[in-house]
Amino acid sequence: MIDFSSPRHRHKLGYLLIAPALIMMALIIVYPILLSVDISFQDVKIARIGSDRKPFSIENYEWLFTSGEFYNSLWVTVRLLLFVGGTALIFGFACALLLNEKFKGRSFARLLVILPWAVPEVVAVVIWAWMLDSSFGVFNWILLTTGMISEPIAFASDPTSAFFSVCLVMIWKGYPFICIMLLAGLQSIPEEQYQAASVDGANVFQRFWHVTIPNMLPVLGVCFVMTALWVFRDFAIIFVLTEGGPVGSTKSLAIMTFEQSFQFFRMGRAAAVGVITLILCAILSRALVSRFAKSVA
Amino acid sequence: MATIEFNQVGKSYGSVEAISDFNLSIEDGEFCVFVGPSGCGKSTALKMLAGLEETTKGNILIGGKDVTDLGPGKRDIAMVFQNYALYPHYSVRKNMGFGLKMRGYPASEINARVEEAAKILELTPYLDRRPKALSGGQRQRVALGRAIVREPAAFLMDEPLSNLDAKLRVHTRSEIVKLQRRLGVTSVYVTHDQVEALTMADKIVVMKLGVIQQVGSADELFENPRNLFVAGFIGSPGMNFFRGTIQNAEGRVFTTFGGAEVPLSDTLASRAGGDAIFGIRPEHIVMGKGKVETGLSLVESLGTEKILHFQIPAGQTIDNSEIENDEEDDDRDAQSMRARIIDDHKYQNGETVKMDFPRSKIHVFDIETHEAIK
C-alpha cells in the first residue's frame, strides 16, 4: 500500500485524481476531433460508426478552397468577429467602468447587466426575431411611428440589415460576460495607483490612460480572445434569426458546417470546414494569449 | 518649502466621527510624525492633507494658502504610499518622471531631474527596469524618487516602511531622515510604530480614536506624557502601571507597593486619601536597594541588558482596557511589571530582589480621567 501523504508519493496522488477528468476529456473532446480530421480526408456522405473506411482523399479540401461559398463564410465570420468583438468589448468596458463606480442601486444595475447572459440563447433569440419581424416587430413600429423611416425595414431579408441584426443580438448576448470579466479586472487595480496619479497631477482622462488601460490590457486581451472564439462557434443566434441567409450574408463557418453535414449530408466536407475552423481558432487564441501574456510579464 | 496648518479639521462618515477638532501647525522644514494604534485616524488625516479624502469640517493650509477645496494635483505635495503604488507597466525612469510629465515639463528637464534624483537615491543602474524587477527596498526608493523629483512643498508618507523587513526598515529609516534634512522639505509621516516616530520626528502627534492626544518632541512625550494613553504608547518596553492610594503621614507623601512605601512628590499632598494610577518606566527602576522587595517571575537576558519581570501585588493591577492601548505588538501583561537593567548581577528566576522607584521618575495619573497629575 502506497502512503500518498509521503513527499515521495504525493505527486502520484495528483495524477490519480486528475486521471478521470483527463480520460473524460480524451473521450468527449480529443477523440471526436481526431475522428473529424479522419473523416475530412474521406468522401463520406453519412457517417456511421463501424462502417467501412473510405479511401484517403483530399477532395473535400480541394472543393473547399475552390468554392466561393467557403470564402464567403470565412469573410462573414471575420466581419462578425471584428464587429461583434470590437463593439462588445467597447460596450462591455464602458458598462464595467460605470458599474465600478459607487452609486445607489449598483447591485441592481449589475443584475440587469448580467441578465442577457443568463437568458437561454434560443429563448432570447426567438424574442429578438419577433422584435425584428418586418411586419409585426416592435423595432419597425418604433421607427415608423417616430417617423425615422417611411417604410418597414426587412431585417431578415435584406442582406445588410440581416448581418447587422445578427451583430446586434450577438453583442447584446455577449457583452454582459465581457462586462463582468472587466469589472473583476477593474476591481483588482490598486486604489493607491489612482491616488498616486492624482497626487502626481493626472486628471481623470490621464488616469484612465496611464493607470486603467495598462492595468486592464491583459484582461482586455483575454476577453477579446474569448469573444472571438465565441463568435467563431456560435450557432444558435444566427440559425434561429436568419438560418445563414439571405443569400449567405450571415452564413458563418459554424452555419456552413451544419449545412454541409445535416442539410446536404456531406459529412466529409463538413468535417473539412470544422478542421479549418479549429486551426483558425487555435492560431487566433495562441497569438492573442501569448501577446497579452507577454505584456503582463 | 512650506508650513502646514490644520484648523479645526473634522471628518465624519455619516454619524461616525473619524476625526474631530484636529488642530496642528507644522513649521517649514519640520519632520512631523502622526503615530497611533490602527484606526486612530492618522492615515485619514494624511489623506485629507493630500486631498484624497474630503474634510467635513475646518480647513487646511499649505504654505499659508487654503487648499481645502483643491484637488491633490494642485496642492503641490508628493506622497509615498505603503505599497509604493508604482505604475507596474512603466520603467523606473517613467515612474519617477510621471508627475513632471503630467505638469507639462519638457522631456529634457524631466530627464535631467530624474537622473539627479536617481543619483541621490543610488537608483541610476535601475532606471530602465520595471518595478517588478526591483527588490522591496529599491521600489521604496523609487517611490521616494518619484516624490523628490517634483520638488514639492511637502512630502507625505503613509507607513512607507511597513512592507520592508526589519533590517532594511532600520536602514531606510535613517536614509529618509537624512534625505529630508538634506532637502529641507516639510514632511508628514504616518506610522503605527512608536520607535519610528521617536527616532525620526521633530514633532510627534500621538492620536487615538481620531483625537490628538499630545503633540511634542520625542523627549517631551517620553518625559511628560499628558495622559495614560501616551504614557503607555511611547517607550519600549512600555511604562509599568499600578494602582494605589496617595497617603500623607507626618509630612511624607507616599503610596504603597505591596506594603512598601513609595515616596511621591510633595505636590500631591492635597490629593491624599484618593486613588491614582502610578507609572514608572522599566529603565527607571533601580535594583539592589530600596524598600520594595519582590520575587522575579521571569528573567529575560538580551546579553548586555536584562528584562526582569515581577508580579504586581494583588489589588494594585490595572487591566489593559483601562490603558486603552490595544496595540498588537505590545506584549504588556497586566499582572506583572518589567524592569530594564544593565548590570553585572546574574539574576535568577524566583530570586527575591530589592528595588527602588525613584520619586522623580514616577508619573501619576487621575484614576477617572487618566490625565497626568503634575
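Nothing in this text is a laboratory measurement; each read-out follows from the coordinates by a stated rule. Since this is a predicted model, take the numbers as computed values, not measurements. With ideal geometry, Cβ positions are generated from the backbone for all residues, glycine too; neighbour counts draw on all protein chains shown.
Scanning for something out of contact with any helix residue (DSSP H, G or I) (no Cβ under 7 Å at 6 or more places or on another chain), of a type in the set (Val, Ile, Thr) and more than 14 Å from every other protein chain (Cβ to nearest Cβ), does the stretch B:32-47 turn up at least one residue? No, that holds for no residue. Quick check on my filter: what residues within the stretch A:184-209 are crowded, with 21+ Cβ neighbours inside 10 Å and more than 7 Å from chain B (Cβ to nearest Cβ)? A:Gly185, A:Ala197 - these are the residues of the stretch A:184-209 that are crowded, with 21+ Cβ neighbours inside 10 Å and more than 7 Å from chain B (Cβ to nearest Cβ).
Taking residues in the stretch B:302-318 that are part of a strand (DSSP E or B), and partners anywhere that are among the charged types (D, E, K, R), the pairs with Cβ atoms closer than 7 Å and at least 6 places apart or on different chains are B:Glu305/B:Arg340; B:Lys306/B:Glu300; B:Ile307/B:Glu300; B:Ile307/B:Arg338; B:Ile307/B:Arg340; B:Leu308/B:Arg338; B:His309/B:Arg338.
Being touching a Pro at 6+ places or on another chain (Cβ under 8 Å), within 24 Å of B:Val177 (Cα to Cα), not acidic (Asp, Glu) and not in a loop (DSSP other than H, G, I, E, B) is a description that applies to B:Asn95.
Among residues of the stretch B:102-132 being within 11 Å of chain A (Cβ to nearest Cβ) and over 22 Å from A:Glu191 (Cβ atoms), the one that is nearest to the chain's Cα centre (by Cα) is B:Arg103. When the stretch B:120-151 is filtered for residues that are within 20 Å of B:Asp165 (Cβ to Cβ) and of a type in the set (Lys, Arg), the ones remaining, listed by number, are B:Lys132, B:Arg139, B:Arg141. Filtering the stretch B:53-90 to residues that are within 14 Å of another protein chain (Cβ to nearest Cβ), of a type outside the set (Val, Ile, Thr), over 25 Å from the mean Cα position of the chain (by Cα) and assigned to a loop (DSSP other than H, G, I, E, B) leaves B:Leu70, B:Gly71, B:Arg75, B:Asp76, B:Leu86, B:Tyr87, B:Pro88, B:His89, B:Tyr90.
Within the set A:Ser249, A:Ser285, the sole residue that is within 26 Å of A:Ala162 (Cβ to Cβ), touching a residue at least 40 places away in the same chain (Cβ under 8 Å) and among the hydroxyl-bearing types (Ser, Thr, Tyr) turns out to be A:Ser249.
Suppose we keep only residues that are part of a loop (DSSP other than H, G, I, E, B) and in contact with a helix residue (DSSP H, G or I) (Cβ under 8 Å, 6 or more places away or on another chain) within the stretch B:360-374. Which one would you say is surrounded by the fewest Cβ atoms within 10 Å (Cβ to Cβ)? Among those residues, the one meeting the criterion is B:Lys374. Hey, does the stretch A:133-152 have a residue that's assigned to a helix (DSSP H, G or I), within 20 Å of A:Phe239 (Cα to Cα), away from chain B (no Cβ under 14 Å) and not hydroxyl-bearing (Ser, Thr, Tyr)? Among the residues of the stretch A:133-152, not one is assigned to a helix (DSSP H, G or I), within 20 Å of A:Phe239 (Cα to Cα), away from chain B (no Cβ under 14 Å) and not hydroxyl-bearing (Ser, Thr, Tyr), which makes the answer no.
Conditions tested, residue by residue: (1) under 28 Å from A:Phe93 (Cα atoms); (2) surrounded by 20 or more Cβ atoms within 10 Å (Cβ to Cβ).
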{"position": "A:Pro214", "(1), (2)": "yes, no"}
{"position": "A:Leu217", "(1), (2)": "yes, no"}
{"position": "A:Val231", "(1), (2)": "yes, yes"}
{"position": "A:Glu243", "(1), (2)": "no, no"}
{"position": "A:Thr250", "(1), (2)": "yes, yes"}
{"position": "A:Phe265", "(1), (2)": "no, no"}
{"position": "A:Gly274", "(1), (2)": "no, yes"}
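Does B:Asn95 fit the bill of being within 14 Å of another protein chain (Cβ to nearest Cβ), over 22 Å from B:Val33 (Cβ atoms) and of a type in the set (S, T, N, Q)? Criteria met by B:Asn95. Candidates are the residues of the stretch B:340-359 that are in contact (Cβ under 8 Å) with a residue 40 or more places away in the chain and in contact with a Ser or Thr (Cβ under 9 Å, 6 or more places away or on another chain); the one that is surrounded by the most Cβ atoms within 10 Å (Cβ to Cβ) is B:Met355. Condition test on A:Leu278, is it within 14 Å of another protein chain (Cβ to nearest Cβ) and in contact (Cβ under 8 Å) with a residue 60 or more places away in the chain? So A:Leu278 does not fit the description; no.
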